[in-house]
Amino acid sequence: MPESLETFIAGLPKAELHVHHVGSASPRIVAELAARHPDSPVPKDPGALADFFSFRDFGHFIEVYLAVVDLIRDAEDVRLLTYEVARDMARQQIRYAELTVTPYSSVSRGIPDRAFLEAIEDARVSAERDLGVVLRWCFDIPGEAGLASAEETARIAVDLGCEGLVSFGLGGPEIGVPRPQFKPYFDKAIAAGLHSVPHAGETTGPETVWDALKDLRAERIGHGTSSAQDPALLAHLAEHRIPLEVCPTSNIATRAVATLDEHPIGAMVEAGCLVTINSDDPPMFGTDLNTEYGVAARLLDLDEGGLAALAKNAVEASFLDASGKTRLAAEIDAYLSAWQEQRPQ
Ligand SMILES: [Zn+2]
């Protein structure tokens, strides 16, 4: 990638729609959490920690992920993680993010539900005030934990809720975890005014995306990678402007796609789908949102204008209110104009 494009991406104001809370813990944040819990097996020395984090394979990703989960033991850990994730976002010029949070993991490990909600809300308000990053939440069901986790996630989202919560999701493995069984919980969340954003078609075929659309009334699709195998599905997504949350490096890391050059993002764009670029679990996959924009620039052969349009797709696909969308889109346009004036083509 030309250096100028890299610089352009680094300064481009961005929104991110598919990024996980615990999965965003960078080595810097993990070191801070580990310092709070000296009995943890996570290395404390920065060199060893960097090695612990360097992505090897999917099994290693799970190992790192679980080690980080084990470091989140009280409400202060939750607050620290959330605020520090926002700091890493601010450095990448991410102005708005819908962070996927899994309250079930923390609450089932003993953090009281209300204390958990207060901690993320405290971090959200502070991050907006101090760092200029607007955070919103998607509470997701960890699919592998079954219907009990769905019941509990819906209870926390709907019966308790919190100001920053905008959507309801479903993550974890897809194989052996059919989407339709979660319909009652999505019905409850949708009736309470939450948007439906399940993961679907990441590791299984396009029929899972259809299930997510029909049974879970998905308004956006997490990944949706296998949609490209079904032209009728791509046409449906394009016609109804149902956005795809594409996470290229994650798809390679989890082996959902063999190589970046085989990634179906081009087919999605060609079919007229609203494609957004996201980082999923960035430090654990050795990436960040800026890197993912660089990957997209290469795969879609984008110049600065194309990258700005991609950033605006995420604004359009977000659950920001109308004035927030207008403001962020205008900021992206202004950034592009200033760049083009400074570097006449
Ligand atoms: Zn995800």
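The values are calculated or read from the model by the stated rules, or taken from the named source; none is laboratory data. Since the model is a prediction, treat every value here as computed from it, not as a measurement. Reconstructed Cβ throughout: ideal geometry from the backbone, glycine too, with neighbour counts over all protein chains shown.
Among the residues of the stretch 38-55, some residue qualifies, meaning at least one is within 16 Å of the ligand (Cβ to nearest atom), at pLDDT below 90 and not small (Gly, Ala, Ser). Of the set (1) within 20 Å of the chain's Cα centre (by Cα); (2) crowded, with 17+ Cβ neighbours inside 10 Å, all apply to Phe8 but (1). What residue, of His21, His60, is surrounded by 13 or more Cβ atoms within 10 Å (Cβ to Cβ), within 16 Å of the ligand (Cβ to nearest atom) and not small (Gly, Ala, Ser)? It is His21.
Is it the case that Ala256 is within 16 Å of the ligand (Cβ to nearest atom) and farther than 13 Å from Pro198 by Cβ? For Ala256, the condition - within 16 Å of the ligand (Cβ to nearest atom) and farther than 13 Å from Pro198 by Cβ - is met. Being away from the ligand (no atom under 13 Å from the Cβ) and over 16 Å from the mean Cα position of the chain (by Cα) is a property that does not hold for Val275. Scanning the stretch 184-203 for residues that are over 27 Å from Pro264 (Cβ atoms) and surrounded by 15 or more Cβ atoms within 10 Å (Cβ to Cβ) yields Tyr185, Asp187, Lys188, Ala189, Ile190, Leu194.
Consider the stretch 209-232. How many of its residues are assigned to a helix (DSSP H, G or I) and either at pLDDT below 95 or within 16 Å of the ligand (Cβ to nearest atom) (or both)?
5
Within the stretch 98-143, the set of residues being touching a helix residue (DSSP H, G or I) at 6+ places or on another chain (Cβ under 6 Å), surrounded by 23 or more Cβ atoms within 10 Å (Cβ to Cβ) and in a strand (DSSP E or B) comprises Leu135, Phe139, Ile141.
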